[in-house]
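What follows is calculated from the coordinates using simple rules that are stated; it is not laboratory data. Worth saying up front: this structure is predicted, and the values here are computed from it rather than measured. Glycine gets a Cβ as well: all are built from the backbone with ideal geometry, and neighbour counts include every protein chain shown.
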Amino acid sequence: MRKFAKYKENLSLTSSNGTDWVKSYDTLVAKINWNERTVETLGWWSQTTSKHINYAAKQLNLTVIKN
C-alpha cells in the first residue's frame with residue numbers, strides 16, 4: 001500500500017488480486033490501468049473523494065476516466 005504526501009491519512013494506492021486501486025478512506029474508488037495510463041472511477045463520488053482521485057491520478061501521471 002502506498003500513501004500520498006497530501007491526504008496521507010485518507011488516500012492510498014492498494015493492490016488486490018493483481019489489480020491496483022485508489023482507496024479513499026476505507027473504500028476502493030477507482031481502478032488503475034497502468035498499460036493505458038488511466039484511472040477509472042467506480043461511480044459517482046463526493047467532492048472530497050473526487051479530489052482524492054484527481055490528486056492520485058496527477059501524482060501517478062494518469063488520466064481519469066469517469067463512469
Just how large is the dipole of the chain about the Cα centre, in debye to the nearest 20, putting +1 at every Lys and Arg Cβ and -1 at every Asp and Glu Cβ? 240
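Determine, for each peptide in 15-22, 34-41, the mean count of other beta carbons within 10 angstrom over its residues, then list the peptides with the highest first.
With the highest mean Cβ count within 10 Å placed first, the list reads 34-41, 15-22.
To check you understand DSSP bridge types, tell me what percent of the beta bridges within the range 2-65 (both residues inside) are antiparallel, rounded to 5. Present the calculation step by step, with values, prior to reporting the outcome.
Values: 17 of 20 bridges.
About 85 percent, rounded to the nearest 5.
So, counting K/R as plus one and D/E as minus one, what does the shell of residues with Cβ under 12 Å around Lys51 add up to? Can you show the working numbers first?
Working: positive: Lys6, Lys58; negative: none.
Here the count lands on +2.
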Inter-site label distance for Asp20 and Lys58 at 7 Å from Cα along Cβ, in nm: 1.9
Label selected from [x] 58; [y] 63; [z] 42, the criterion being percent of Cα pairs over 15 Å apart as computed here: [z]
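Kindly rank 7-14, 53-60 from highest to lowest mean number of other beta carbons found within 10 Å of each residue. Don't skip to the end; give the middle numbers.
Numbers: 7-14: 15.0, 53-60: 17.6.
Peptide ranking by packing, descending: 53-60, 7-14.
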